[in-house]
């Protein structure tokens, strides 16, 4: 006759161990978000890791993104050595970003093709995402010529996706003035820029209006760069 000793509380946990019995290749992560970056900059790259758990054979792979995508790939080589014991061998694909002048959210598919061994052949698709932030200023005119005390024909619009904090600097004839001298423009909003002539009588004067990025109120560090710097605007009063 067999007897058993009753358990006090729950049954003890059992440690389960397993091993891989065939070729196994992992590509991680399944998605990769590079986050938010300023326009025209190159952020730090992020890795995609290929892991080979087979102790018998190396893995040969290739990695590509569409030519039109803003992403870059740096691959040290196309082979992952065989694993050592239970420790997989790995290779990393560094995913970077081309300097991009147009703000927006960009997505693309990174394809990793496992070419050999035949038992592991497959195509793994990783979703890549990045958000490019920046200020894009579009001007209604490339030059201003007027014969009245005030001209309001120049409109500056922020077609970027972040707030623009800008200075208007009018150099040249001191009788030419600009209003406002600076402003904050939310995405999709615009400024009606006034060019004023303070001279009297029949006179003429010339100047040049430059638009620059500046620090927003309360901000520290360096001003957010303009994705595309507007060219200086020639200004002339003729009368």
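Only one of the numbered conditions (1) in a strand (DSSP E or B); (2) buried (at least 16 other Cβ atoms within 10 Å of the Cβ) is not met by residue 160, and that is (1). Considering the stretch 73-97, the residues that are in a loop (DSSP other than H, G, I, E, B) and without any contact (Cβ under 8 Å) to a residue 40 or more places away in the chain include one that is nearest to the chain's Cα centre (by Cα), namely 75.
Quick check: is even one residue across the stretch 183-193 more than 15 Å from residue 157 (Cβ to Cβ) and surrounded by fewer than 16 Cβ atoms within 10 Å (Cβ to Cβ)? Steps first, please.
Just the residues of the stretch 183-193 that are more than 15 Å from residue 157 (Cβ to Cβ), to begin with: none.
No, every residue in the stretch 183-193 fails to be more than 15 Å from residue 157 (Cβ to Cβ) and surrounded by fewer than 16 Cβ atoms within 10 Å (Cβ to Cβ).
Checking each residue in the stretch 116-150 for being more than 30 Å from residue 38 (Cβ to Cβ), in a loop (DSSP other than H, G, I, E, B) and out of contact with any strand residue (DSSP E or B) (no Cβ under 6 Å at 6 or more places or on another chain) picks out 117, 147, 148. Take the conditions over 15 Å from the mean Cα position of the chain (by Cα), in contact (Cβ under 8 Å) with a residue 24 or more places away in the chain and farther than 30 Å from residue 225 by Cα and apply them to residue 49. Does it pass? It is true that residue 49 is over 15 Å from the mean Cα position of the chain (by Cα), in contact (Cβ under 8 Å) with a residue 24 or more places away in the chain and farther than 30 Å from residue 225 by Cα. Being at pLDDT below 95 and exposed (fewer than 15 other Cβ atoms within 10 Å of the Cβ) is true of residue 4.
The values are calculated or read from the model by the stated rules, or taken from the named source; none is laboratory data. These numbers were taken from a predicted model, which means no experiment stands behind them. So basically every Cβ, Gly included, is an ideal-geometry build from the backbone, and we count neighbours across all protein chains shown.
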